[in-house]
Amino acid sequence: MSRPRSEVLSAGVWRRARRAALLALAIPTVSCAASDPMDDAHGDVAEAVGADAQALTSPFSIDPRKSLIVTDTDIVSGFTLEGVLQRLVDHADVPGLTPELMFRQMFDTYRKASEGLALGPHCDDVVLPGFPATVDGIFTERFDGSINGFPVVCSRAVGQEADSTPFPAPPAESLYMATTLVNRFDLASPIGADCGEYRIVFARRGGNAQTNGGMRNFIIFESRLPNPNPSQGRQGCRPIVEFWQGLSDPGMSVQDRADALQGFYFDGLPGVPPVIDIDNFAADSGQIRVNDFLRPPPFAQDDWSLREFKLSHQCTGEDCQLLAVPTHVDDNPSALLFDPASTDPRAASFQSWFVDNAVESLASAGDINRFDYPTLVPATYGAGEALLIVDQNNYRLALGTGPSTFRTGIQQKLTAIGSPLTPDQLLARAQTISCSGCHLVKEDAAGGNIDVGLSSPVPANNFFFTHTSEVTEAIPGEPGRTRFQISNLLTDEFLPYREQVMRDFLVGDPVLGFERSGLWTSSQAPLSLVTGWVTEGIRALRIGTPNAWSQIKSAPFSAAGLAPVGNKLAFDFFTSPVQPNPSWLGAVTVLISIPSAGIHNQFVGTTNLSPAGQNAFSTFAFTLAAPTVAALNASPSDVSLTIELNVNAGSGPYVVDNVRFTN
């Protein structure tokens with residue numbers, strides 16, 4: 001598994017992938033209709049349009065089960081937990097450290113120091129007053145420890161894994177087997193600081209939901225891969241995206257794909273470091289997570305928990321140490337902070353941060369895949385562990401139903417941005433992107449997260465809680481081959497979105513798709529890039545409260561990758577519901593410049609905003625003059641666009657996305 005590899009794909013496969021990439025640059029973005037950002041219907045439109053674009057730009061389509069999530073037993077069986085830990089141990093160069101010791105040290109953190117092996121930190125290193133044991137039916141919780149200043153259950157039964165043999169030969173129950181390889185390019189930094197996460201899921205062989213749920217446990221290695229060419233922004237990630245796209249090539253055999261993935265994870269691509277590297281699981285990077293259901297008798301039944309670990313590699317002279325250190329769970333604020341009566345000294349600042357920063361971002365999305373915070377939730381607010389949404393991790397129950405300054409602040413912010421959401425729907429969105437809320441959808445009557453203000457409720461998870469499984473199924477059309485099952489939410493909701501992100505990246509233009517900062521400017525209106533109100537790619541241009549007249553200008557771009565260009569210029573435009581004069585909303589005008597062709601601020605067209613729906617995207621299309629079309633098809637490199645807004649002062653914000661030349 002850890003053998004050196006000079007190549008991760010055959011020359012033929014690389015040629016096919018490169019040819020597909022060049023074709024992607026040569027074909028224009030296909031136009032598409034937009035939809036209400038408070039309506040999830042746009043996903044279906046985007047899927048159809050993306051499929052058309054992919055057909056034009058690649059000799060083969062993206063297969064989500066090859067290019068986004070791989071569970072084929074023939075492929076994942078080549079990945080072992082011992083091999084992954086051995087690679088980390090090799091990088092650390094710590095005398096005496098073995099994969100087994102590293103495994104035991106991580107799980108020993110779930111135990112109190114008096115019970116542990118003294119290999120590293122323990123859950124009771126810092127004890128918080130005021131969190132005694134609670135008993136609730138089956139579950140017995142002892143909040144005798146803390147992480148990040150928040151209570152955690154200490155000790156947990158899963159800590160007994162520190163005494164187990166983690167790498168026995170099959171069919172031993174304590175063996176951790178790889179079930180899933182995951183491409184999360186959709187998590188890549190919008191500004192290109194990294195290229196997303198690439199994951200390996202290991203499941204404890206002895207447990208599964210159908211036959212032995214009390215012995216289940218998952219370890220997920222979530223490596224955040226650095227951008228090999230950060231000066232290029234997200235485009236620096238292109239070799240990585242092309243690699244995953246190439247795995248869908250029907251000309252690749254199963255062994256080709258297995259070898260390619262082994263190389264990607266352990267050796268990297270040309271100019272791209274490997275996925276498995278201690279720096280990719282350290283602070284300010286990726287993480288290791290444990291999804292804990294383990295209840296070995298005679299231990300009492302604990303609630304499910306998810307904890308997050310960072311690797312700490314420190315050296316003093318020649319004395320080095322590698323530890324898996326429990327840390328706060330990213331983007332999973334503690335439910336204690338949502339309580340208006342909370343005595344936690346962080347609660348007031350969190351609630352202020354949430355109203356000022358999170359409300360607009362969470363409200364500004366029409367697809368569950370785009371629910372997000374504007375930035376990472378500040379670390380000080382991150383829960384020490386994620387617990388069940390039923391009670392401990394329920395933001396809506398913590399807020400309560402009565403009047404409070406916090407509830408009023410959320411409602412005022414929603415009203416100010418013209419959102420029809422209620423505070424409960426907004427907190428349901430926040431729950432949906434928390435760890436337990438992502439895994440377990442709860443009924444609205446129980447303070448749940450089904451009603452998130454979309455036209456359709458969040459679907460239930462057919463696996464009840466996890467999205468991957470220890471149970472296999474036959475691979476359709478491939479007799480004798482099997483794969484591990486995945487949830488309906490992955491197949492129906494998450495994978496189509498991630499596939500679309502890949503497609504938009506491969507065929508899109510960073511200027512026309514607003515995927516790179518600083519490419520559009522205005523002297524009259526504040527501009528920013530947002531990830532919620534989006535119809536293409538991962539970002540759109542937000543035009544803040546503009547003057548009565550504002551110009552928004554693009555940087556020059558090349559038309560070489562757009563030819564052949566037809567006679568239409570189109571874009572998606574979101575009209576704000578905040579309108580001081582609802583009887584007249586204003587107009588949008590478009591100009592084009594191609595100095596090398598003698599075209600300077602040529603009028604393309606104008607459209608009246610009043611007929612367009614408020615709080616909704618509309619697609620505006622303009623007819624280009626024949627000489628302009630001819631000039632564009634000559635592939636000039638100095639094309640620029642100007643969008644002029646003539647609207648009511650104090651209206652807004654407005655959003656523009658997916659500018660395209662259609663044919």
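The values are calculated or read from the model by the stated rules, or taken from the named source; none is laboratory data. This one's a predicted model, so the numbers in the text were calculated from it and none came from an experiment. As a convention, Cβ positions derive from the backbone with ideal geometry for all residues, glycine included, and neighbour counts pool all protein chains shown. Heavy atoms of the whole protein, side chains included, go into the accessibility calculation; ligands, DNA and RNA do not. Shrake-Rupley method; radii C 1.70, N 1.55, O 1.52, S 1.80 Å.
Counted as qualifying within region 387-445 are the helices (runs of 4 or more DSSP H) with 1 or more residues that are open to solvent by 20 Å² or more (accessible area, probe 1.4 Å), touching a Lys or Arg at 6+ places or on another chain (Cβ under 9 Å) and at pLDDT 90 or above, namely 423-432. In region 306-325, the condition of being farther than 30 Å from GLY418 by Cβ, open to solvent by 40 Å² or more (accessible area, probe 1.4 Å) and of a type in the set (D, E, K, R) is met by at least one residue. When ASP267 is tested against the conditions (1) within 24 Å of the chain's Cα centre (by Cα); (2) crowded, with 17+ Cβ neighbours inside 10 Å, the lone failure is (1). Just one of the listed residues (CYS315, CYS320) is more than 27 Å from ALA446 (Cβ to Cβ), outside any helix (DSSP H, G or I) and free of Cβ contacts under 8 Å to residues at least 24 places away in the same chain, namely CYS315.
Pairs meeting the criteria (first residue in region 566-586 and closer than 18 Å to PHE603 by Cβ and polar (S, T, N, Q), second residue open to solvent by 10 Å² or more (accessible area, probe 1.4 Å) and assigned to a strand (DSSP E or B), beta carbons under 6 Å, at least 6 apart or on different chains) are ASN567/THR623.
Exactly one residue out of VAL534, VAL578, VAL511, VAL530 is surrounded by 16 or more Cβ atoms within 10 Å (Cβ to Cβ), in contact with a Leu (Cβ under 7 Å, 6 or more places away or on another chain) and aliphatic (A, V, I, L, M), and it is VAL511. Restricting the search to strands (runs of 3 or more DSSP E) fully inside region 147-205 and requiring at least 2 residues that are polar (S, T, N, Q) gives 176-184. For residues that are at pLDDT 90 or above and in a loop (DSSP other than H, G, I, E, B), scanning just region 358-386, find the one that is surrounded by the most Cβ atoms within 10 Å (Cβ to Cβ). Checked region 358-386; the qualifying residue surrounded by the most Cβ atoms within 10 Å (Cβ to Cβ) is GLU385.
Is it the case that region 468-476 has a residue that's assigned to a loop (DSSP other than H, G, I, E, B) and at pLDDT 90 or above?
Looking through region 468-476, at least one residue is assigned to a loop (DSSP other than H, G, I, E, B) and at pLDDT 90 or above.
Looking only at residues in region 189-216 that are touching an Asp or Glu at 6+ places or on another chain (Cβ under 6 Å) and not acidic (Asp, Glu), which one is modelled with the highest pLDDT?
Of everything passing the filter in region 189-216, ARG199 is modelled with the highest pLDDT.
Quick one: would you say SER522 is open to solvent by 10 Å² or more (accessible area, probe 1.4 Å) and at pLDDT 95 or above? Answer is yes for this residue. Considering region 59-121, the qualifying helices (runs of 4 or more DSSP H), each wholly inside and each with 1 or more residues that are small (Gly, Ala, Ser), run over 64-67, 81-92. Taken together, the criteria exclude ARG289 from residues that are of a type in the set (Lys, Arg), closer than 18 Å to CYS123 by Cβ and part of a loop (DSSP other than H, G, I, E, B). Which members of region 515-536 meet the condition of being in contact with a strand residue (DSSP E or B) (Cβ under 9 Å, 6 or more places away or on another chain) and either closer than 18 Å to SER651 by Cβ or free of Cβ contacts under 8 Å to residues at least 60 places away in the same chain (or both)? Hits for region 515-536 are LEU519, TRP520, THR521, SER522, SER523, GLN524, ALA525, PRO526, LEU527, SER528, VAL530, TRP533.
Taking the criterion of being open to solvent by less than 60 Å² (accessible area, probe 1.4 Å), more than 20 Å from the chain's Cα centre (by Cα) and aromatic (Phe, Trp, Tyr), the only residue of region 446-482 that qualifies is PHE463.
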